[in-house]
Amino acid sequence: ISDQKPLGCWSVKHGQILTCPVVCNFDTHEYIAVHDDKVLRIWKDEDINLDKAFKATLSADVYRIHSLPLGGPVVLFRGGGVRTLDALLEAPQQEIENVISAEVIRWSGAFMEGEQPVLIFTTAKDGDFFVYVQKPKLSSLHKYKLEQQESAKPLCFTAHITNQTVILLCLYSNHSVYQVLIPLQQDTEEEEGEEAEILSKSLLLKLSVSGAVLKGTSLVVLDKDHVAVLGSLAAPGKERRECLTIWNTKFQTLQTSKELPLGTSGQLWCYEEKFFLIHGKLLTVIMYKCETSSLAAAVGKLKDRQTPDVSSFVNWNTLEDEELVVSFQSQEPVALKAESRINLRSRRSTVAGEQPETLSVGQLLINLKDAPTYVLETELRKLMAKAPTPDLQATIGCVVTALTDRCKKNPKYYPQNFLQEIVETRDLSYSLCPDLMALALEKKDMHLLQICLERFPDIPEEITYACLKAFLSMSEDHLKSVDVNLDSAICYVDVEFNNTEVKTEILENGFSAEMDQDMCGTKAPRASRSIDESCPVGLQKAALLNAVLHSAYTETFLLPHLKNLPARQAILFLRYLYYLYVKCSEKVNTTLPGIRSPTINQIMDWMCLLLDAQFTVMVMLPEAKELLSNLHKFVRAQVRFYSELNKIEGSLRELQRLNLLRESQTYSIEVLEII
């Protein structure tokens with residue numbers, strides 16, 4: 001999420017439907033999914049085709065799979081039956097009992113109590129609500145009935161376990177949160193037909209502030225004293241607005257809240273001190289840190305929710321679309337990690353009478369907003385030099401963003417050397433300064449783009465493609481005047497002197513350009529050869545293209561962009577890739593000399609990707625015919641050569657074994673006949 005990079009994508013066949021959320025098995029690092037209610041699929045990151053992944057057809061419909069870090073996955077069936085995944089895989093077609101009768105499951109959750117997994121789920125039938133507590137490894141099942149309330153119905157549930165007691169929280173339609181305590185019993189399964197025990201509930205929290213009522217849709221527990229509620233705030237005479245709120249249940253106060261103007265899906269998830277929610281069309285991640293609950297803090301925040309202290313509980317960094325304002329506080333260690341799509345942002349608020357030496361990073365940047373260029377750069381250098389180590393990366397990201405913002409407002413301003421210095425000497429990423437590469441493209445700063453491509457691990461495929469297109473479209477004459485790092489290309493790119501081509505080194509990898517295309521590959525290759533043409537691009541352009549080859553990408557998301565590459569640029573790029581491929585094949589270790597030179601795998605991957613994207617265009621263009629033909633012959637000759645090597649692999653291994661058995665001090669001459 002922090003790098004905005006898709007790591008994997010899997011699809012079921014047309015007509016199949018994923019019928020419950022996919023989970024990860026923490027023990028085996030596998031994904032578990034169910035499609036069409038009964039078909040179980042298990043696969044790993046390296047698996048590409050979901051259809052070829054492990055498959056098991058179960059005997060009953062699955063409602064939900066829960067994965068516990070120490071307890072393994074637990075499967076809940078629509079009939080209320082529960083099995084651990086291990087027990088289910090031993091006999092996928094085993095009969096699953098129906099625990100509930102004509103009831104519909106409304107919510108479920110899994111927890112660990114000691115070493116035992118505990119699964120809790122609620123059901124509804126004819127206006128009544130029931131709670132089931134199961135320990136699948138102990139075959140323990142207990143059924144309870146929630147106390148009825150005629151004026152309101154439960155909308156959603158959440159739970160946690162404390163001191164062998166299940167604390168079930170219920171969000172009701174009367175805008176209140178109720179608490180139900182369920183002791184974890186140690187006895188075995190209840191007798192069939194036994195009357196369900198009725199659970200009484202107590203009012204935990206009323207969701208109203210200053211006459212406004214929060215109509216909640218989702219509820220999560222943060223700790224023993226705090227809950228988060230997602231919903232819409234309705235005030236008399238005002239338009240309803242969606243917001244995320246955090247409440248102190250101990251003192252019945254609203255801790256903090258944030259409006260969500262783009263709307264939500266009504267769902268809220270919480271994991272490892274981070275909120276996950278859909279805001280508009282984006283998945284938004286918001287970090288929080290629970291404070292020790294105290295009456296003074298709770299009342300203080302209720303009186304004035306706009307104080308800077310709010311940001312010490314929650315960082316609303318992904319929700320701010322205003323001008324960059326960052327406020328780093330010493331009590332926020334987790335808030336300084338770059339885990340959001342944009343730079344860390346918080347509320348535009350400062351403390352009255354704050355001394356200049358204690359100014360936050362955000363306030364300092366605001367003060368420097370209209371400062372002269374020299375003053376701005378001097379102060380920013382000081383800021384980077386004295387930033388605390390935990391905050392350093394985020395601080396530098398803010399500095400770069402401040403510089404790019406000034407460049408946007410003042411087109412004549414562009415601190416090229418300063419930006420290059422920051423990117424070269426600091427550990428940055430694209431997500432920390434998302435506007436930097438777009439600015440470099442606009443200014444045609446090829447050197448800065450080269451550095452970013454080589455150093456940023458999280459560049460979006462759209463930006464990678466834009467850089468590739470810019471490099472290919474740039475004229476060689478213009479690039480000769482551009483200062484770029486040539487270390488990745490200068491050691492192997494052939495350049496012409498007085499129209500005389502430089503001869504390549506002795507051939508070591510089995511290819512001869514003069515091999516007949518129909519030869520079977522048994523003829524000994526010639527000792528040397530000359531390339532028909534030198535590198536199709538100049539030294540500067542080759543170095544820039546090498547930076548693109550080093551950039552990380554996901555094939556699925558890069559392919560659509562490559563299809564838009566103009567035909568002549570695509571042919572030029574393919575010619576360069578072919579040139580690199582031939583160069584790599586001249587060496588036994590298929591490694592190009594130089595610093596950060598492309599690897600054979602990078603060259604092959606990009607060549608395949610480009611051919612996939614542009615194959616139809618390549619076939620139709622006459623100027624690409626000879627290139628494709630040469631590429632085909634070269635690959636076929638190499639395949640045949642390696643095929644011949646495979647035939648004598650056994651003999652070579654035997655020779656190696658004999659060498660190991662032979663005494664090193666003994667001199668001998670042996671003749672081995674390879675048949």
Residue within segment 604-616 that is farther than 21 Å from Leu628 by Cβ and either out of contact with any strand residue (DSSP E or B) (no Cβ under 6 Å at 6 or more places or on another chain) or modelled with pLDDT of 90 or more (or both) present: no
Index of the failed condition, Thr264 passing every other in (1) within 20 Å of Leu168 (Cα to Cα); (2) buried (at least 20 other Cβ atoms within 10 Å of the Cβ); (3) not aromatic (Phe, Trp, Tyr): (1)
Pro390 being open to solvent by 10 Å² or more (accessible area, probe 1.4 Å), outside any helix (DSSP H, G or I) and at pLDDT below 85: no
Pair list, Cβ < 8 Å and 6+ apart or interchain, from segment 581-610 residues that are in contact (Cβ under 8 Å) with a residue 40 or more places away in the chain to residues that are outside any loop (DSSP other than H, G, I, E, B) and among the aromatic types (Phe, Trp, Tyr): Tyr581/Phe634; Val582/Phe634; Ser585/Phe634; Ile603/Tyr581; Leu610/Phe573
Segment 452-473: number of residues that are at pLDDT below 90 and over 18 Å from the mean Cα position of the chain (by Cα): 1
Residues satisfying the stated conditions in segment 1-20, i.e. without any contact (Cβ under 8 Å) to a residue 60 or more places away in the chain, open to solvent by 70 Å² or more (accessible area, probe 1.4 Å) and under 27 Å from Ile286 (Cβ atoms): Leu18
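Out of Val104, Val118, report the one residue that is open to solvent by 50 Å² or more (accessible area, probe 1.4 Å), out of contact with any Gly (no Cβ under 8 Å at 6 or more places or on another chain), among the hydrophobic types (A, V, I, L, M, F, W, C) and within 20 Å of Cys20 (Cα to Cα).
Val104
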Some residue of segment 244-252 being surrounded by 15 or more Cβ atoms within 10 Å (Cβ to Cβ), touching a Ser or Thr at 6+ places or on another chain (Cβ under 9 Å) and more than 20 Å from Tyr178 (Cβ to Cβ): yes
Count of residues meeting criterion [closer than 21 Å to Glu462 by Cα, out of contact with any helix residue (DSSP H, G or I) (no Cβ under 6 Å at 6 or more places or on another chain) and either free of Cβ contacts under 8 Å to residues at least 60 places away in the same chain or assigned to a helix (DSSP H, G or I) (or both)] in segment 406-435: 4
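Here is a yes/no grid of residues against (1) open to solvent by 70 Å² or more (accessible area, probe 1.4 Å); (2) within 36 Å of the chain's Cα centre (by Cα):
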{"residue": "Leu565", "(1), (2)": "no, yes"}
{"residue": "Ala570", "(1), (2)": "no, yes"}
{"residue": "Glu586", "(1), (2)": "no, no"}
{"residue": "Asn601", "(1), (2)": "yes, yes"}
{"residue": "Phe615", "(1), (2)": "yes, yes"}
{"residue": "Asn630", "(1), (2)": "no, no"}
{"residue": "Lys633", "(1), (2)": "yes, no"}
{"residue": "Val639", "(1), (2)": "yes, no"}
{"residue": "Lys647", "(1), (2)": "yes, no"}
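Test of understanding: among Ser101, Ser67, which residue is touching a strand residue (DSSP E or B) at 6+ places or on another chain (Cβ under 7 Å) and of a type in the set (Gly, Ala, Ser)?
Details: Ser101 fails: touching a strand residue (DSSP E or B) at 6+ places or on another chain (Cβ under 7 Å).
Residue meeting the stated conditions: Ser67.
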Residue in segment 211-225 that is over 37 Å from the mean Cα position of the chain (by Cα) and modelled with pLDDT under 85 present: yes
Condition check for Ser200: surrounded by fewer than 18 Cβ atoms within 10 Å (Cβ to Cβ) and without any contact (Cβ under 8 Å) to a residue 40 or more places away in the chain: no
Residues (open to solvent by 30 Å² or more (accessible area, probe 1.4 Å) and small (Gly, Ala, Ser)) located in segment 393-448: Ala438
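The values are calculated or read from the model by the stated rules, or taken from the named source; none is laboratory data. Worth saying up front: this structure is predicted, and the values here are computed from it rather than measured. Using ideal geometry, Cβ is built from the backbone for each residue, glycine included, and neighbour counts are taken over all protein chains shown. Remember, those area values only see protein heavy atoms, side chains included, never the ligands or the DNA or RNA. Shrake-Rupley method; radii C 1.70, N 1.55, O 1.52, S 1.80 Å.
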